[in-house]
Amino acid sequence: MQNIENCSYYGVCGGCKLYELNYNEQLKYKQKNIFDLFSKIDESLIENIEIPLASPEIYRYRNKVEFTFFQKEDETVGLGFHQKGHYNRFVDIDDCLLMNEENALILKYLKEWVNSNNLSAYDKKNHKGLLRYLIIRNSKKNGNILVTLVVNGEFSNVFLPLIEKLLKQKLSITGFIIVNHSGKADCAKVDNYTLLYGNDYLLDSIGDKNFIIPFDSFFQVNNYASKLLYDKILSFVKQGDHIIDLYCGAGTISTYISDKAKYILGIEIIPSAVLQAKKNMSLNNVQTEANFIAGRVREKLSEIRFENDYNLVIIDPPRSGTDKKTMAHIGKRNPERIIYIACGLNELAYNLKIILEYGYIIKDISSVDMFPWTPHVEIIILLEKLTPR
Ligand SMILES: C[S@@+](CC[C@H](N)C(=O)[O-])C[C@H]1O[C@@H](n2cnc3c(N)ncnc32)[C@H](O)[C@@H]1O
């Protein structure tokens, strides 16, 4: 039986910010944040805001975890998360109750190996050291594991003996990637990468749809709650809709709702995700006509014909949100309905205010708890044009 109070890093690790609340209290806390946000837009909206749909799993729900390498006080290399309240201090993690259990073995062998080989952790102050991040992706469908190491420089072959060691354990590692990130940006950015073993993607599923997810593509981190999110989106789609799916990732929403759609156009910035979006439609035998294009939403939106072509816009931007121009662009093009999916509350308020100026009303506000123990919550808003076009 899992219990957050048994976590070795309880109260120290900055990951589970809501560790002092039981699950029901977490949902109420998130509902209150949504109330506060919408009461700033229109008091009357909050009457119909229900408590977020609960995540079917609250432990070991994540299919992706990202750890930072750091130099410990004893000069060995640690691997972990930020300490609570600190941007520059880390907690050395052996296991995390939000990730798959077998990942603990990867952490153990990886730390032993890098320390016995005297490899160094990257230090952002002086831009020296090799090891930056470890990203582990777990398929909830078939248990396969994709490991990505982000390093400062071109040191790929150094890791071949490590892969051999990991493959000897009872771990279903099906891909091992080295990303060379020598820039100063403090994120797991892909400059270029080397596939050292297996495949650079995973197969996973949401509901009854299967998806191939390239290692650098976005995929919802909580498969169980994603089904609730995608079902909610599907409930707002009408038979025969002409849909534009903005920030479409590997085409997961497009595929999920495709049975109801007449035509879908997806826009996404990561080229490998765009290529895969089309393939994910085929993987699921989707017959609906669809097209996916690579590029920035703001730029691509202004290039395509829109009026009368699309009656539904789905917009699912990253946590940092979208921008004013994109919102205004959508508003001017006059779609019948907009489904806005957001996990960043502040940007959401700002963006909604813009779109409301174009004659839309908020018809529904729903939310799904995709991230138990953290303050984040996924909100789904249905907007409708007041006067039909
Ligand atoms: C929250 S994810 C949503 C992905 C997809 N809708 C899903 O459910 O899996 C946001 C996506 O926006 C993409 N993205 C970020 N900035 C972008 C931009 N300016 N233009 C187009 N896509 C962008 C990211 O690569 C990511 O795939």
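Just so you know, all these numbers are worked out from the coordinates, no wet-lab data involved. What you see is a predicted model; the values in this text were computed from it and never measured. Note that we place each Cβ from the backbone using ideal geometry, even for glycine, and neighbour counts take in every protein chain shown.
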For residue 64, enumerate residues with amide H under 5 Å from its amide H, sequence gap 5+ or separate chain, H modeled in the peptide plane.
138
Using modelled amide H (1.01 Å from N, peptide plane; none on Pro or chain starts), what sits under 5 Å from the amide H of residue 370, excluding residues fewer than 5 places away?
378
So what are the radius of gyration and Dmax for the Cα set of region 108-168, in Å?
13.0, 42
How do 17, 385 line up, fewest other C-beta atoms within 10 Å first?
17, 385
Stokes-Einstein at 20 °C, 1.002 mPa s, Kirkwood radius from Cα pairs: D for region 250-314 in µm² s⁻¹?
177
In sequence order, what are the phi-derived ³J(HN,Hα) couplings for region 59-68 according to the Karplus relation 6.51 cos²θ - 1.76 cosθ + 1.60 with θ = phi - 60°, rounded to whole Hz, with x for glycine and proline?
10, 6, 8, 6, 9, 8, 9, 10, 10, 10
What does the extension gain come out to for residue 199 and residue 309, with contour length at 0.36 nm per residue minus their alpha carbon separation?
35.8 nm
Fewest-first ordering of 75, 101 by Cβ atoms within 10 Å yields 75, 101
So who's got an amide H within less than 5 Å of the one on residue 363, skipping anything under 5 residues away but keeping other chains? H placed 1.01 Å off N, in plane.
382, 383, 384
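For a Förster distance of 22 Å, can you work out the FRET efficiency between the beta-carbons of residue 185 and residue 157, rounded to the nearest 0.05?
Computed FRET efficiency for residue 185 and residue 157: 0.30.
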Could you work out how far helix 324-333 tilts from the main Cα principal axis of the chain, as a 0 to 90 degree angle to the nearest 10?
30
Out of all Cα-Cα pairs in region 286-389, roughly what percent, to the nearest whole number, are more than 21 Å apart?
37
Enumerate the calculated ³J(HN,Hα) couplings along region 217-224 in order (Karplus 6.51 cos²θ - 1.76 cosθ + 1.60, θ = phi - 60°), each rounded to whole Hz, writing x wherever the residue is Gly or Pro.
9, 5, 9, 3, 6, 10, 4, 5
Quick check: Cα centre of region 35-108 to Cα centre of region 324-389, how many Å?
25
At 0.692 mPa s and 37 °C, Stokes diffusion of the chain via Kirkwood alpha-carbon radius, µm² per second
148
Compute the angle between helix 345-356 and the longest alpha-carbon principal axis of the chain, please, reported from 0 to 90 degrees and rounded to the nearest 10.
20
